[in-house]
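Structure record follows, encoded as structure tokens.
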Amino acid sequence: MNRLERTLSHNDIYLFGPMGSGKTTLVDNLKDDCLESVNYVSIGAIIRQKLAQKDAEATRIIRSGKKMPLAYVTATIEPYVSTEKSYILDGVPRHADEAEWIKRHADKREMGALAVVLYANTDILLQRIYGRAKNGDRKETPERIRNRLSVYQDNINKIIDIIEPSLDEIIEIDATVSSEAVYAKAKHELEALS
């Protein structure tokens, strides 16, 4: 087991970053190096799968355009985060009530807890998101994109403040650089913890 695998297998990781910051790419790179060491849990991917399966509750919640109820969020992710295996959680918490639940959950786990926070300026994020939308990956409108970035910026500091007492480390990474550089920085920081 290499140092990266050792860190990942002994710590739950809460991955933060606004849309377009490269969270999925970072996780894909980590999974390539440590496929068996960790579960990857993305609420966005789970919800997209439920929508593709015509799940009535997921469809109703998404169509409402409102915040997902805490009970729905926790019921959706709990099967993935309540195993003996460590995990990388992407997309939760986004709001204070979810952060409170994560804090209680992390405090009960027999794993370390880390936050990896990707940050980038809005202009770079918008450029990436618009490029992704043009390629057909997502159906995003400029108004929806700006709203989601604003909600993230409004909530991230509150969320970190809530869960910080349960974290062993917070790793901040500049995501304005290439995805390779983001991965190299994340790998270096994670390996240093083993």
- Query: Tell me, which residue of region 72-104 that is in contact with a Ser or Thr (Cβ under 6 Å, 6 or more places away or on another chain) and small (Gly, Ala, Ser) is modelled with the highest pLDDT?
  - Reply: SER86
- Query: Can you find even one residue in region 27-46 that is polar (S, T, N, Q), within 23 Å of ASP161 (Cβ to Cβ), part of a helix (DSSP H, G or I) and under 16 Å from the mean Cα position of the chain (by Cα)?
  - Reply: no
- Give region 69-104 a look and list any residue that's open to solvent by 50 Å² or more (accessible area, probe 1.4 Å) and under 14 Å from the mean Cα position of the chain (by Cα), or say none. TYR80, ARG94
- Message: Tell me whether region 35-51 contains one or more residues that are farther than 19 Å from TYR80 by Cα and open to solvent by 10 Å² or more (accessible area, probe 1.4 Å).
- Response: no
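Go over the candidates LYS54, LYS66 one by one and state the one that is open to solvent by 70 Å² or more (accessible area, probe 1.4 Å), part of a loop (DSSP other than H, G, I, E, B) and either in contact (Cβ under 8 Å) with a residue 60 or more places away in the chain or at positive phi (or both).
LYS54
Between THR25, THR7, which is over 24 Å from ASP107 (Cβ atoms) and either touching a residue at least 40 places away in the same chain (Cβ under 8 Å) or among the acidic types (Asp, Glu) (or both)?
Numbers: THR7 fails: over 24 Å from ASP107 (Cβ atoms).
Exactly one of THR25, THR7 is over 24 Å from ASP107 (Cβ atoms) and either touching a residue at least 40 places away in the same chain (Cβ under 8 Å) or among the acidic types (Asp, Glu) (or both), namely THR25.
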- Note on the structure: When ASN147 is run through (1) without any contact (Cβ under 8 Å) to a residue 12 or more places away in the chain; (2) closer than 22 Å to GLU78 by Cβ, the failure sits at (2)
- For region 10-25, state whether one or more residues are within 14 Å of the chain's Cα centre (by Cα), open to solvent by 10 Å² or more (accessible area, probe 1.4 Å) and acidic (Asp, Glu). no
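The values are calculated or read from the model by the stated rules, or taken from the named source; none is laboratory data. All of these numbers come straight from a predicted model, not from anything done at the bench. Cβ coordinates were reconstructed from backbone atoms using ideal geometry, including for glycine residues, and neighbour counts include every protein chain displayed. With ligands, DNA and RNA removed, areas are computed over all heavy atoms of the protein, side chains included. Shrake-Rupley method; radii C 1.70, N 1.55, O 1.52, S 1.80 Å.
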